[in-house]
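**Student:** Before we start, here is the structure in question, set down as structure tokens.
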């Protein structure tokens, strides 16, 4: 893969997979687990200048590939709070462009965007998701979008309801959005206690 400073993250292992559910396994292994994935990201952060981290993390988010989005989200959550703030607008734009990991992206935004609840309220109660996309995407970007929103809109809305008020509007199943957001949020809290992320 050719993603600048993140090239070494994939060492012939699917090191992005543990980031999908953040199941805590910090054991030493030659294959892959969350501990190895976090150490790889720590190494990338410690070996590179902040402007390179910022630029290459943004490059990951410009791709349609959800695997890259997960790596970007955890990278952002490992940065200092002042650096995390620089990604807020770009993360909302990625959500509007589409991603298969919208619950994880929204959890990240709920941690770093002080205006998250107001934006969630705007989407849920005032203008809706489609009109909200117009706040972050140009007419050309809206016309050229390549993502099937119908498959993820409910997941986004369910995640927003949970993150805003702790409410579950629909039956909770594994692909509900709210349940994914709940689980990822809880796992991030555990990682925060272990000082493995900064939120």
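**Student:** How much length would be gained if the chain were fully extended between residue 193 and residue 59, taking 0.36 nm per residue of separation minus their Cα-Cα distance, in nm to one decimal?
**Tutor:** Once the chain is fully extended between residue 193 and residue 59, it gains 45.3 nm.
**Student:** Just to confirm the number: angle between the C-alpha axis of helix 102-112 and the first principal axis of the chain, 0 to 90 degrees, nearest 10?
**Tutor:** For 102-112 against the chain, the angle is about 80 degrees.
**Student:** Relative contact order of the chain, please, whole-number percent, based on alpha carbon pairs below 8 angstrom and at least 6 residues apart.
**Tutor:** 20
**Student:** What do you get for the angle between helix 66-78 and the principal long axis of the chain? Use alpha-carbon atoms, 0 to 90 degrees, nearest ten.
**Tutor:** Between helix and principal axis, roughly 70 degrees.
**Student:** Label-point separation (nm) for residue 7 and residue 127, each offset 7 Å from Cα along Cα-to-Cβ?
**Tutor:** Placing both labels 7 Å along Cα→Cβ, they lie 4.1 nm apart.
**Student:** Moving on to the next point. Between residue 145 and residue 39, what is 0.36 nm times their sequence separation minus the Cα-Cα distance? Round to one decimal in nm.
**Tutor:** Gain on stretching residue 145 to residue 39: 34.7 nm.
**Student:** OK, next. Once label points are set 7 Å from the Cα along Cα→Cβ at both residue 115 and residue 167, what is their separation, rounded to one decimal in nm?
**Tutor:** Distance between the two pseudo-spin positions: 2.3 nm.
**Student:** With everything on Cα atoms, drop me the angle between helix 178-193 and the longest principal axis of the chain, reported from 0 to 90° to the nearest 10.
**Tutor:** 40
**Student:** Highest first, please rank the peptides 42-52, 116-126 by the mean number of other Cβ atoms sitting within 10 Å of their residues.
**Tutor:** Ranked from most to least packed, the peptides come out as 116-126, 42-52.
Any read-out appearing in this document is the output of simple, stated calculations on the displayed coordinates, not a laboratory observation. Everything numeric here is computed off the predicted structure, so don't read it as measured data. Neighbour counts are summed over all protein chains in view; Cβ atoms, including those assigned to glycine, are modelled from backbone coordinates with ideal geometry.
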